[in-house]
1. Quick one: if you stick a label point 7 Å off each Cα along the C-beta vector at ASP115 and GLU149, how many nm between them?
2. Just to check I understand the Karplus step: with θ = phi - 60° and J = 6.51 cos²θ - 1.76 cosθ + 1.60, what whole-Hz values come out for region 97-110, glycine and proline as x?
3. So what is the relative contact order for the chain, in percent, with contacts set as C-alpha pairs under 8 Å and at least six apart?
4. Quick one: if the Förster radius is 30 Å, what FRET efficiency do ASP53 and ILE163 give, using the C-beta to C-beta distance and rounding to 0.05?
5. Quote to one decimal, in nm, the extra length available between GLN62 and TYR205 on full extension: 0.36 nm per residue of separation minus the C-alpha distance between them.
6. Taking the Cα centre of each part, how many Å lie between region 39-63 and region 66-133?
7. Residues with beta-carbon under 10 Å from that of ALA184, excluding ALA184: net charge, scoring Lys, Arg +1 and Asp, Glu -1?
8. Starting at the first residue of region 134-141, write each ³J(HN,Hα) from the Karplus equation 6.51 cos²θ - 1.76 cosθ + 1.60 with θ = phi - 60°, in whole Hz, x for Gly and Pro.
Amino acid sequence: MDEKIKILVKKTVDKIYRKVNRENVKEFHKFGNNIGIGADGTPTKFIDKIAEDVAIKFLKKQEPKLNILSEECGFIDNDSKYTFVLDPVDGTRNAYRGIPFYSVSLAVGRKSISDIEYGIVKNIPTGDVFIAEKNNGAYLNNKRIAVPEIPDKEMLSSLTLGINSDDLTINLAKDNKVRSLGSASLEMCMVAIGALDFFVVGREYMRVVDIAASTLFLREAGGFVTNIHGKDLDMNFNLDERSSVIASCNRDIIKNIINQR
């Protein structure tokens, strides 16, 4: 990946990080306000809008100009072979409810998750930075990391529950120590560093903007990301496609999960 592009990704993530933290002090009471409908067809919250706007405004002034795919504005075609795949705030509900677990996620690739070359997930409340480059490893706060070779004896998972649960995740919740944390990008990064042993979204629910950077991060850390059928996850760069997700430190765990369907 061209160094100029990597620098641009880092600066864009930092712009969003700083903007959201500033507004958290001044305008937190507005974070959950609905202010329109995004390109993905869901309501746009105040926090989503301010985060995306600062990124788009910054990128318009920068070189090189890459295409942009983001959940509120949709696809911006700048006639580039590369696309920024951006979720300005992953974990919006956490953010406007005051739960300190939400991120900015930004990846760069050509057409799909499988060709993503560089990605960053940044935990906005804590400042922790998860960076991955294809074939060059995964780094947490500039320290190279890898998934544990053997999961914990008492495995800890994060599952998508509530209105987005299904029979698989409900069954998994009965048999494992479980969390449901509300930010897929960070939950997948937690698998990569060994804080969680696996993460499952049983329904065809996740969009590419949610998980593009974290999929690269987990794979570069030595982990695996599939759908609930066990097929290695790949998604095109658009807002229409949805997928289930199993993210784990090894394939044996994934096989065991699939066998419970």
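Rule-based calculations on the coordinates, nothing more; no lab input. For clarity, every value in this text was computed on a predicted model and none was experimentally measured. Cβ: placed from backbone, ideal geometry, glycine included. Neighbour counts: every protein chain shown.
1. 3.6 nm
2. Using θ = phi - 60°, the values come out as 8, x, 8, x, 8, 7, 9, 10, 10, 9, 10, 10, x, 9 Hz.
3. Values: 600 pairs, mean separation 43.4, N = 261.
The normalised contact order for the chain reaches 17 percent.
4. Computed FRET efficiency for ASP53 and ILE163 comes out at 0.55.
5. Value of the extension gain: 48.2 nm.
6. Computed from Cα coordinates, the inter-centre distance equals 11 Å.
7. -3
8. So the Karplus estimates, Gly and Pro as x, are 4, 6, 10, x, 10, 9, 10, 6 Hz.
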